[in-house]
Amino acid sequence: MARIGFISLGCPKNLVDSEVMIGLLEREGHAITPDAERAEILIINTCSFIGDARRESIDAVLAAGELKKSGSLRRLIVTGCLPERYAREIRMELPEIDAILGVNQIPLIARAVRGEALPPPDSFGRRDADLYLYDHTTPRTLSGPPHAAYMKVSEGCDHRCAFCVIPRIRGRFRSRSLPSLVSEAEQLAARGVREITLVSQDTTAYGSDLGMKDGLARLLRELGRVEAIGWIRFLYIHPDRVSRELIEAVNSSPRICRYIDMPLQHASGAVLRAMRRAGNRSTFTRIIERLRKGIPGVTLRTTLIVGFPGETRADFLELKEFCREMEFDRLGVFTYSDEEDTIACGLGPKVSRRTAERRRRILMEQQAEISRRKNRELVGRRLEVLVEGPAEESDLLLEGRLRSQAPGIDGVCLINDSEVGEVRAGQFRTLRITRALEHDLLGTIVA
């Protein structure tokens, strides 16, 4: 059997796809190596959502091509969004690639490794395509820390945002069954997972295609009964689907983190209409007030796009003022990327890259002040922390996260002392916050 290297790029949803492919390969008896230079076969699971992600994917392919020339690598397989979207171009321009698989060809990964001839991806933009979604019976090997895992609750998207190509890449929205998700959560708990993060393109739409009303609320209540799981969080909710039932579900179990990740994209009604998204500054303000009133102590995160075609200075100033008033706990800002196959690509007038980057910088500087002040308010408090392991900054520090810190996208807690002896990764402990940084916190384990 082959020694296989695996590189997973992009979002947590892509990571789940990678873990499923690794599980399928290990079931066949293949060995997975974390060192690409020792691999006989290398698989790169790619992202092509925006230009930067596409360039990262292509750079990884080119680097792997050099390994084929100089090392033991004899076969290169590229999977995911990039070949789904650009199958013909890849075949023509990247001859170092031996096989490609699209996002709906994951079950074919073992055949690709064996070198079998396979059909090219053909589901891009097709509403009638044969679409894939894993379930609790599918082999899956976790590639991150053993105490935390993502769970994909659905796949695809039925929204038609002007800037987004995901519906054409991932296909129509489809949900996993509720029993399948509960079974996977129980399996993960039995393997030592203590934190589960639910992901999809639109998590609040979960179950709508299955005839379920308030499907995410029902799912959260069911998962809250899985006793071995300490924390459950969910990402990527749509503002149109924030309901009373969802708010009540978040409050229904101490295992469910009071953390709302709700990408708003903008606050100007004119820009949102151009984006083909509902809402405006006043409706978003009401939703946020409702969440803060209904979920005491909730952490609110959003992501925004600046530089969208037609965004005026007045639009940006409205967005800036909205963010100042709302004081989000977490904020991510992206500069608009012109993507072919999207409606926005044909819109104008275009905002210069320089202007978009300046607007992004202004928002992030404003948010840094908000974040620093909110973090200072935590100094002296004792909060539950999930210990992650050695910190990236130094082996002399441990790293952990609060309920208010989602993996991979938020700040962390740096642990520089313990009053209780040895502390291990995967443990829930009590952290006394001793110092606040712009996005991170420092503290001492006290229980």
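For the range 271-286, the set of residues classified as surrounded by 16 or more Cβ atoms within 10 Å (Cβ to Cβ), assigned to a helix (DSSP H, G or I) and either modelled with pLDDT under 95 or of a type in the set (G, A, S) (or both) consists of A274 only. The set of residues in the range 292-317 that are surrounded by 14 or more Cβ atoms within 10 Å (Cβ to Cβ) and assigned to a helix (DSSP H, G or I) comprises R292, G294, D315, F316.
Matching residues to (1) part of a helix (DSSP H, G or I); (2) of a type outside the set (D, E, K, R):
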position: I7; (1), (2): no, yes
position: M21; (1), (2): yes, yes
position: R54; (1), (2): yes, no
position: I58; (1), (2): yes, yes
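For the range 103-114, enumerate the residues that are assigned to a loop (DSSP other than H, G, I, E, B) and out of contact with any strand residue (DSSP E or B) (no Cβ under 7 Å at 6 or more places or on another chain). Listed by number, the residues that qualify are N104, Q105. The residues of the range 238-257 that are out of contact with any helix residue (DSSP H, G or I) (no Cβ under 6 Å at 6 or more places or on another chain) and over 30 Å from A344 (Cβ atoms), listed by number, are R244, E248, V250, N251, S253, P254, R255, C257. Here is the figure for the range 67-90: residues that are assigned to a helix (DSSP H, G or I) and under 22 Å from S48 (Cα atoms) total 10.
Quick test of your reading of the structure: K68 fulfils all but one of (1) among the basic types (K, R); (2) modelled with pLDDT of 90 or more; (3) over 19 Å from G156 (Cβ atoms). Name the failing condition by number. Every listed condition holds for K68 apart from (2). Listed by first and then second residue, the pairs with beta-carbon distance under 7 Å, at least 6 apart or on different chains, first residue in the range 82-97 and within 14 Å of D341 (Cβ to Cβ) and outside the structural domain of T342 (by TED's automatic domain parsing), second assigned to a helix (DSSP H, G or I) and of a type in the set (G, A, S), are L82/S57. Entry remark, the range 198-225: residues being of a type in the set (S, T, Y) and within 15 Å of R244 (Cβ to Cβ) number 1 in total. Restricting Y259, Y336 to residues that are touching a Pro at 6+ places or on another chain (Cβ under 9 Å), surrounded by 15 or more Cβ atoms within 10 Å (Cβ to Cβ) and closer than 24 Å to H159 by Cα narrows the list to Y336. Report yes if some residue within the range 64-79 is under 18 Å from I169 (Cβ atoms), in the same structural domain as E26 (by TED's automatic domain parsing) and not aromatic (F, W, Y); otherwise report no. Yes - at least one qualifying residue is present in the range 64-79. Residue-level check: of (1) within 22 Å of P34 (Cβ to Cβ); (2) not assigned by TED's automatic domain parsing to the domain that holds L42, D122 misses just (1).
Picking from residues in the range 169-223 that are buried (at least 19 other Cβ atoms within 10 Å of the Cβ) and basic (K, R), the one that is nearest to I50 (Cα to Cα) is R170.
Set side by side, the residues P139, P179 differ, and just one is part of a loop (DSSP other than H, G, I, E, B) and out of contact with any Phe, Trp or Tyr (no Cβ under 8 Å at 6 or more places or on another chain), which is P139.
Applying the condition of being among the β-branched types (V, I, T) and touching a residue at least 60 places away in the same chain (Cβ under 8 Å) to the range 1-43 and asking which residue is surrounded by the fewest Cβ atoms within 10 Å (Cβ to Cβ) yields I32.
State yes or no: is F328 assigned to a strand (DSSP E or B), in contact with a strand residue (DSSP E or B) (Cβ under 6 Å, 6 or more places away or on another chain) and either closer than 28 Å to P145 by Cβ or in contact (Cβ under 8 Å) with a residue 40 or more places away in the chain (or both)? No, not satisfied.
The values are calculated or read from the model by the stated rules, or taken from the named source; none is laboratory data. Everything quoted here is computed from the prediction, not taken from an experiment. Cβ: placed from backbone, ideal geometry, glycine included. Neighbour counts: every protein chain shown.
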